[in-house]
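As C-alpha cells, the structure follows; a few thoughts come after it.
Values quoted throughout were computed directly from the atomic coordinates according to the rules given, and no laboratory measurement underlies them. Note that the coordinates shown come from a computational prediction; the quantities given were computed from them, not determined experimentally. Here the Cβ positions follow ideal geometry from the backbone for every residue, glycine too, while neighbour counts run over all protein chains shown.
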Amino acid sequence: MKSVYIAGAGMTRFGRSEWPLMQLASVASLAALKHANLGGVPVDGVVVANMGAARINRQTALGSALVDQLALYPAAAESVENGPASGASAVKVGFQAIASGMADVVLVTGVERMRVVNGMEGTDFVASLSHPIAEYIYGVTLPSLAGLFARLFMEKHGVERKHLAMVAIKNHANAAKNPYAHIQQTITMEGILTLPEAVVNNPPIAEPLHMFDCCPVSDGAASLVLVSQEVAAKLKGPKVRLAGMGQATDTHTVHERKDPTDLKSVRIAAEQAFRRAGLKPEDVDVAELHDAFTILEIAESEASGFFPRGEGHKALERGDTQLGGRLPINPSGGLKAKGHPVGATGVAQLVELTWQLRGECGERQVKDAKIAYACNFGGFGNNVVASVLQREA
Amino acid sequence: MSMKVTGMKCSSCGTVSYPTHAVCPSCRNETFETVVIEGEGKVLTYTDVYALAVEYETRYLRLAIVELDDGVRVTGHLLADKPKLGMRVKTTIGTVREMAEGAIQGLQFVAV
C-alpha cells in the first residue's frame, strides 16, 4: 500500500448558513486547495460526503456537482452516504484511491445543510438510520438511543451528570477559541447543573441527557486534499501522513448487542487504525472524538484505548482531556460545540487534527502535537471509522 | 387488534433473533421459523425523550429496552409511572406511532 498524505485542510464556519449546499462545499474545498498549494498538480478525484441532501435539499450526485462547481473535469467523482460516519468514510475512499495507486490527488469534502428543515424533520431524517421495524416505528431518535445508552453506562460505571457537564463545559471552552465553531459561548457547572435555574437553562432532551449534553444542528462543510507521497514530496509545508484508518460495524439495533455499553465497533476500528499506523493509543497527543452526546466522548475515550473501561470519567475529572492536559480531547469544541453538520463531521475532525499537527490552531493549539486520532461514530455505533495521523519532519 | 410482533428462531441452532435477519447471527444458517415476541422480562434501560421526531400527543415518550425472560431483547414504549432499572414488566401491543399510512402497532411494556 502506498503512503497517503494530507496536503491541505479547510472548512466553513459551522452554524446556520444562508449558503446553498454547493456553495458550502465549494468554499470549504477552495480553502483546502489553497492550503495545499498544489501548484499545477491536477486533482484526479473528488469524493463528497453527505447524509441528507437527497431528502432535505432535493439534490443527489453531489460528487459530480462539486466537480462542476470547481471546474475540475474530468476528475473522477463520487458521493458517499454512510450515516454520521459519511465524512470519514469518504476520506477512506480517497485514501484507498491513493494507496492503491489509482490517484495522486483526491479532494474529499463533507457537507450538510440541515437547518433548512424544522427541528422535528431534521431529527426524523437522522432517525431514519435506526432499524425501521424494531426501533424507528417506536419514535426512536438518535437522542433517545443516546439516553438509553447513557442511563446504562452511567449506572454501570458510576458516571454522574456532573461528569457529562464537565465534557460540555470543556468543549464549549475549546470552541470559544475556535473561529469555525457553531457555538462560541462558555458555560458553567452552576448554570447548567447546580443552580435552581439550571432546570430552565438546561431542560431534558432524553433523560438522563439534557440540552447541554447534545450537539446543535448545524450547516457546514469541511474539506481535505489527500496526496500521494510523490506529490507530497514536491509540496512546501509540513508533512502530515494519514498513517492508518480502521472501520468496523455492529448490530443495527442497539438492543441486540450483548453488552450495549460496550462500543465494540469503536474498539475494533481503533485497533485497526493503530495497527496499520504502527502506533499505540499512548502515542497520541491530541484526539477528536464523536461527542454528538457528552456521554459518547467518555465512552469513546475508553473504547479507543486511551483509558481503561469505566475510567474515562476519572480521566476527565483529573483534567487529562482538557487543553494543557495529558491528552486533549476535542480541542476544536467537538460536535458538542463546534457543531455537527452530519456529513461534514468526519472530515472536519481531520481538518482540525491536520491544523493541530501543522501547529496552526492559535489559542487552542496543543503544543508540539505529532500524532493525532479521530473517531467518527456512525449509526448509534453500528459503523465507526477511526483514523490516525502523524506529523513527519 | 390481533397484531403480533414476531422474530425468528433458527432451525439449526435454535437462537431466537429480534428483529429478523436473512442469516442467523449465531450460526449463519438461512432457515428459520417465525416466533411471537412476547412475555415477561425486566427493564434493562429506559429514557424519557422530549426531542420527538413526529407529533405525539404526549410531551415526552418513555422508551425502554427490555430483556425478556428467554433472553431476547426488545425496544418499545414503557407504560409505567415510576420506571426503574430492573423493574419487572410484561409485553402488550398498542399504537406506538401515527404515520401517514395509519396507526402503527408495536410493543408496549406494563408493570407486573
Neighbour-count order for A:W355, A:W19, fewest beta carbons within 10 angstrom listed first: A:W19, A:W355
May I ask you to sort A:K236, B:K42 by Cβ crowding, counting other Cβ atoms within 10 Å and putting the fewest first? A:K236, B:K42
How high is the relative contact order of chain B? Use alpha-carbon pairs under 8 Å, at least six apart in sequence, and give a whole percent. 22 percent
Point-charge dipole on Cβ atoms (K/R +1, D/E -1) for segment B:38-111, about Cα centre, debye to 20: 320 debye
Against the longest principal axis of chain A, how steep is helix A:294-303, in degrees 0 to 90 to the nearest 10, with axes from Cα atoms? 70 degrees
If you look for lysine pairs in chain B that are eight or more places apart or on different chains, how many of them have Cα atoms under 16 Å apart? 5
Which of A:R326, A:R318, A:R241 fluctuates most in a GNM of chain A (C-alpha springs under 10 Å)? That residue is A:R318
Which one of A:V111, A:V342, A:V240 has the biggest mean-square fluctuation once chain A is modelled by GNM with Cα springs under 10 Å? A:V240
Could you put A:L142, A:L389 in order, starting from the residue whose Cβ has the fewest other Cβ atoms within 10 Å? A:L142, A:L389
How large is log10 I(q)/I(0) at q = 0.12 Å⁻¹ when the Debye formula is applied to the Cα atoms of chain A, each weighted equally and without solvent? -0.84
I'd like the trypsin sites (Lys or Arg not before Pro) in segment A:1-54 restricted to DSSP loop residues with at most 13 other Cβ atoms within 10 Å, sorted by number. A:K2
Report the Cys residues of the protein assembly as shown lacking a disulfide-compatible partner, meaning no second Cys Cβ under 4.7 Å from their Cβ. A:C214, A:C215, A:C361, A:C375
For helix A:161-175, report the angle its Cα long axis makes with the longest principal axis of the Cα atoms of chain A; keep it between 0 and 90° and round to the nearest 10°. 30 degrees
Nearest 10 degrees is fine. How inclined is helix A:86-99 to the longest principal axis of chain A, computing both from alpha carbons? 30 degrees
Using Cα positions and a limit of under 24 Å, work out the lysines in reach of A:K280, with same-chain residues fewer than 8 apart set aside. A:K2, A:K92, A:K239, A:K264, A:K314, A:K367, A:K370
HN-Hα J in Hz across segment A:366-375 - Karplus 6.51, -1.76, 1.60, θ = phi - 60°, x for Gly and Pro: 8, 4, 6, 5, 10, 10, 9, 9, 10, 10
